[in-house]
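Single-structure report; data block below.
The values are calculated or read from the model by the stated rules, or taken from the named source; none is laboratory data. All values derive from a computational prediction rather than experimental measurement. Methodologically, a virtual Cβ is constructed for each residue, glycine included, from the backbone with ideal geometry; neighbour enumeration extends over all protein chains shown.
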Protein chains: 4
Amino acid sequence: MLKKSESPMIIVNYKTYLEATGRRAIELSKKAEKVKNEMDVFVGVAPQFADIAAVAKEVHIPVFAQHIDPNKAGSYTGHVLAESVKEAGAKGTLINHSERQLKISEINEAIRVARQNGLLSVVCANEPSTSAAVATLKPDIIAIEPPELIGTGIPVSKAKPEIVTGTVKLVREINSTVTILCGAGITNGEDVSAALKLGTQGVLVASGIVKAKDPYTVLREFAEATKRA
Amino acid sequence: MLKKSESPMIIVNYKTYLEATGRRAIELSKKAEKVKNEMDVFVGVAPQFADIAAVAKEVHIPVFAQHIDPNKAGSYTGHVLAESVKEAGAKGTLINHSERQLKISEINEAIRVARQNGLLSVVCANEPSTSAAVATLKPDIIAIEPPELIGTGIPVSKAKPEIVTGTVKLVREINSTVTILCGAGITNGEDVSAALKLGTQGVLVASGIVKAKDPYTVLREFAEATKRA
Amino acid sequence: MLKKSESPMIIVNYKTYLEATGRRAIELSKKAEKVKNEMDVFVGVAPQFADIAAVAKEVHIPVFAQHIDPNKAGSYTGHVLAESVKEAGAKGTLINHSERQLKISEINEAIRVARQNGLLSVVCANEPSTSAAVATLKPDIIAIEPPELIGTGIPVSKAKPEIVTGTVKLVREINSTVTILCGAGITNGEDVSAALKLGTQGVLVASGIVKAKDPYTVLREFAEATKRA
Amino acid sequence: MLKKSESPMIIVNYKTYLEATGRRAIELSKKAEKVKNEMDVFVGVAPQFADIAAVAKEVHIPVFAQHIDPNKAGSYTGHVLAESVKEAGAKGTLINHSERQLKISEINEAIRVARQNGLLSVVCANEPSTSAAVATLKPDIIAIEPPELIGTGIPVSKAKPEIVTGTVKLVREINSTVTILCGAGITNGEDVSAALKLGTQGVLVASGIVKAKDPYTVLREFAEATKRA
């Protein structure tokens with residue numbers, strides 16, 4: 001099973017962007033691998049379900065599913081089984097992303113089936129209080145998205161520090177070991193540094209990389225920032 | 001784009017059965033391909049999202065997604081984009097399976113994005129009246145699941161003929177060209193023959209094949225039955 | 001059971017507007033009743049669930065629920081039972097409003113339980129094709145919301161006539177007896193006249209009345225327009 | 001605003017049982033009020049939305065909604081606004097009942113709008129870990145439903161004590177002031193005593209009262225049990 005990284009983590013969520021679908025998911029993942037090899041940082045990628053197998057075959061960086069369903073094997077047509085993404089090569093999975101939210105009982109069960117299948121669980125939460133709530137469910141990683149950083153488009157590096165530190169503090173009161181990623185407002189190296197300085201252990205990023213004109217260069221800037229922090 | 005078959009269609013839904021996940025999805029698909037080659041019938045398979053690419057690469061029978069979301073590309077983490085399953089090799093997709101039902105506006109939009117991406121749409125419906133309703137949305141194929149055949153476990157071949165013919169008649173009043181599959185109560189060749197005699201053009205089957213001790217033999221029996229009908 | 005009106009119908013959806021919640025729902029309903037009495041037109045109101053009983057007690061115009069769930073009585077905490085809104089005094093119910101959409105199997109079942117409880121069913125649909133689809137399910141009334149009238153804010157009276165007539169035509173091909181309401185872009189008498197001229201039998205309106213400075217005057221203008229049409 | 005009771009609480013969930021719909025909701029509530037008056041215990045009732053106003057008018061015991069939506073006033077047809085149930089007379093609301101589960105962000109927001117409207121929030125949770133998670137969201141009351149008591153039908157009084165005490169302990173580690181109700185397996189006075197002895201402050205009960213041949217007598221037995229505990 002993939003171990004949580006001691007060093008800062010960068011996970012790139014491909015969403016359903018065409019720039020990161022199919023063949024282009026592989027191309028982007030190779031750039032991510034290149035940065036990982038050059039900089040010795042943790043870089044993971046979260047492509048669409050149908051791309052997991054091809055990406056996992058072509059690159060040697062950890063692949064995450066964007067979602068799993070909390071179901072066991074059986075009559076669940078159209079659902080995403082942990083066993084399935086695992087066998088396709090995923091090493092972890094996002095859970096409860098703001099674009100694919102689950103009921104609380106489902107989050108709990110999804111974390112459990114992820115663990116049973118040796119998948120790192122990255123649970124997303126939209127507010128300080130819900131971040132604390134998911135921390136009680138003992139996922140491996142929490143991706144916090146402070147609403148001030150989503151709603152207003154303020155980058156982490158320009159936000160009032162207490163916005164991030166407050167969420168980190170709440171989560172830490174509940175769970176001292178969970179890895180915390182900052183999941184909103186990350187578009188450049190400065191944001192990455194800021195996120196780390198404020199007490200997180202990495203970032204979950206999407207359009208900042210996928211939609212960049214030159215994803216390799218921006219991701220490399222991210223990686224360099226993790227070294228400075 | 002895959003054309004609808006003139007001859008009877010057999011589509012095997014792998015659901016999230018472990019017997020048809022990952023490596024075993026490929027093995028089962030090879031058996032399906034063997035039957036197709038020996039008998040010259042239409043056999044399609046619907047594996048889980050993460051298995052589409054590998055199955056489509058290993059076999060030369062049409063692969064269907066089990067579901068697509070009605071969204072366009074963009075910020076839809078964890079959703080299933082038509083473009084994605086298409087590029088992975090899918091030739092069609094199930095929509096609105098009883099285990100993954102959609103709002104009516106979503107069914108309409110999913111049929112549209114399937115068409116835009118050259119994917120055959122197979123829309124499932126649970127009753128005569130909803131079968132007629134989805135017929136108005138002009139999918140390529142409708143899979144009807146007469147409730148008497150689900151609820152009670154009665155095989156098609158033992159059901160009162162009017163149960164299936166009534167649904168077929170309702171659908172035909174709305175839509176004269178849609179292909180109609182019978183999607184419940186199919187476990188042996190006799191059921192396949194019965195479904196065809198009652199006015200459908202094929203079957204959507206799941207556990208009857210996937211959970212069979214010898215899927216190849218049962219599927220071959222299905223194929224032979226389509227020749228007799 | 002409430003009969004469908006032969007004359008044009010005006011149904012006012014109170015949504016969850018504070019202007020039409022609680023005591024204010026009753027006040028607004030009394031204004032609607034006044035217009036009904038003065039003009040001898042069909043005016044129905046659809047308040048929130050908790051206001052149905054008080055409104056039905058205070059006024060003598062038909063009250064509609066905004067939604068019912070397709071469930072039978074039993075273990076459905078937090079759901080809306082047809083029997084419950086019926087006993088509270090509702091004579092009908094909206095189903096599948098764009099803000100409370102249902103799966104197609106649920107729409108079908110909700111129409112059925114409405115009928116079993118003597119409630120007029122008003123099923124909303126967002127597009128010509130979905131309007132036709134719900135027409136097959138034989139509700140009493142369909143409220144069509146041509147997307148051009150929602151998306152762009154064009155009033156019916158200013159829209160190209162074929163936008164509404166096309167939807168009406170599609171619905172009529174499926175169902176010759178269903179009452180058709182126009183459910184978007186209605187803010188003044190001119191819009192009401194236009195909706196009726198284009199082949200609908202009434203309007204479903206919300207903010208146009210509820211948010212009006214003087215709801216009585218605007219509703220009276222609507223009622224007068226139905227006489228001119 | 002209704003204060004949380006210092007003495008044990010009994011809340012009766014009417015679900016959508018016909019035995020507790022409309023006129024019969026009022027009758028049952030009067031029996032509950034009688035027990036409250038005779039025994040000086042806290043008894044609350046949670047009727048369907050459309051019955052809240054009539055029940056709140058007829059009895060002087062606290063009425064709870066079975067659910068509220070996390071939305072603010074506006075374009076939310078068919079949703080349940082906190083302001084609406086409040087004005088109808090509700091003093092509190094269930095949230096996230098196992099039959100009406102919410103996303104975690106919605107639970108958080110529903111608790112918030114309940115508080116803003118002076119409604120006591122009773123959040124249900126299905127497992128020890130999710131009970132702890134909702135405890136971080138600071139509702140007024142948590143109703144825990146230990147799965148062993150649901151799945152197997154074991155009454156609390158016959159269950160291994162650690163099943164309930166373990167959940168209570170987990171919740172208390174997070175939140176020392178929240179009131180904890182036991183929400184499964186309660187059918188007689190012995191169960192009520194057991195629930196209280198194991199560290200909860202009351203019970204959430206449904207069919208045990210509503211479906212009883214003589215609800216008054218059973219509820220009175222419950223009330224007596226709270227005195228003994």
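Across the range C:214-222, not a single residue is classified as within 14 Å of chain D (Cβ to nearest Cβ), among the aliphatic types (A, V, I, L, M) and closer than 20 Å to C:Val122 by Cβ.
Within the range A:67-86, if we keep just the residues that are small (Gly, Ala, Ser) and not in a loop (DSSP other than H, G, I, E, B), the residue that is farthest from the other protein chains (Cβ to nearest Cβ) turns out to be A:Ala82.
Between C:Glu109, C:Glu99, the distinction of being among the acidic types (Asp, Glu) and part of a loop (DSSP other than H, G, I, E, B) belongs to C:Glu99 only. Of the residues making up the range D:95-105, just one is more than 7 Å from every other protein chain (Cβ to nearest Cβ) and among the small types (Gly, Ala, Ser), namely D:Ser98.
Has the range A:147-162 got at least one residue that is within 14 Å of chain D (Cβ to nearest Cβ) and among the acidic types (Asp, Glu)? So far as the range A:147-162 goes, no, none of its residues is within 14 Å of chain D (Cβ to nearest Cβ) and among the acidic types (Asp, Glu).
Within the range D:173-183, the set of residues being under 21 Å from D:Phe42 (Cβ atoms) and either in contact with a His (Cβ under 6 Å, 6 or more places away or on another chain) or not hydrophobic (A, V, I, L, M, F, W, C) (or both) comprises D:Asn175, D:Ser176, D:Thr177, D:Thr179, D:Gly183.
In the range A:40-56, is there at least one residue being touching a residue at least 40 places away in the same chain (Cβ under 8 Å) and among the charged types (D, E, K, R)? There is no residue in the range A:40-56 that is touching a residue at least 40 places away in the same chain (Cβ under 8 Å) and among the charged types (D, E, K, R).
Of all the listed residues (B:Leu170, B:Leu149), the sole one being within 23 Å of B:Gln101 (Cα to Cα) and either among the polar types (S, T, N, Q) or within 19 Å of the chain's Cα centre (by Cα) (or both) is B:Leu149. Every listed requirement among (1) of a type in the set (A, V, I, L, M, F, W, C); (2) within 22 Å of B:Val12 (Cβ to Cβ); (3) buried (at least 24 other Cβ atoms within 10 Å of the Cβ) is met by B:Ala133 save one, (2). Scan the range C:12-31 and give yes if some residue there is more than 9 Å from chain D (Cβ to nearest Cβ) and part of a loop (DSSP other than H, G, I, E, B), otherwise no. Within the range C:12-31 (the criterion being more than 9 Å from chain D (Cβ to nearest Cβ) and part of a loop (DSSP other than H, G, I, E, B)), the answer is no, since none of the residues qualifies.
Considering every residue within the range A:56-66, establish whether at least one is buried (at least 21 other Cβ atoms within 10 Å of the Cβ) and part of a helix (DSSP H, G or I). Taking every residue of the range A:56-66 in turn, at least one turns out to be buried (at least 21 other Cβ atoms within 10 Å of the Cβ) and part of a helix (DSSP H, G or I).
Applying the criterion of being out of contact with any Asp or Glu (no Cβ under 7 Å at 6 or more places or on another chain) and within 11 Å of another protein chain (Cβ to nearest Cβ) to the residues of the range D:111-124, the residue that is nearest to D:Gly185 (Cα to Cα) is D:Val123. Of the numbered criteria (1) closer than 30 Å to B:Ser129 by Cα; (2) out of contact with any Ser or Thr (no Cβ under 9 Å at 6 or more places or on another chain), the one C:Thr217 fails is (1).
The requirement of being touching a Pro at 6+ places or on another chain (Cβ under 6 Å) and either farther than 26 Å from B:Asn126 by Cα or surrounded by fewer than 19 Cβ atoms within 10 Å (Cβ to Cβ) (or both) is not satisfied by C:Ile150.
Among the helices (runs of 4 or more DSSP H) confined to the range C:149-229, the ones with at least 1 residues that are hydroxyl-bearing (Ser, Thr, Tyr) and without any contact (Cβ under 8 Å) to a residue 60 or more places away in the chain are located at C:161-174, C:189-197, C:215-228. Of these, C:Ala143, C:Ala132, which one is of a type outside the set (Lys, Arg) and either over 19 Å from C:Glu190 (Cα atoms) or within 10 Å of chain B (Cβ to nearest Cβ) (or both)? Residue meeting the stated conditions: C:Ala132.
Only one entry in B:Val134, B:Val123 is at pLDDT 95 or above, of a type in the set (Val, Ile, Thr) and closer than 23 Å to A:Ala50 by Cα, namely B:Val123. Flag set for C:Ser84, criterion: hydroxyl-bearing (Ser, Thr, Tyr), crowded, with 24+ Cβ neighbours inside 10 Å and over 17 Å from the mean Cα position of the chain (by Cα). Check the range C:87-94 and report whether any residue there is surrounded by fewer than 21 Cβ atoms within 10 Å (Cβ to Cβ), in contact with a Lys or Arg (Cβ under 8 Å, 6 or more places away or on another chain) and either farther than 21 Å from D:Tyr76 by Cα or within 10 Å of chain D (Cβ to nearest Cβ) (or both). The answer is yes; a qualifying residue exists.
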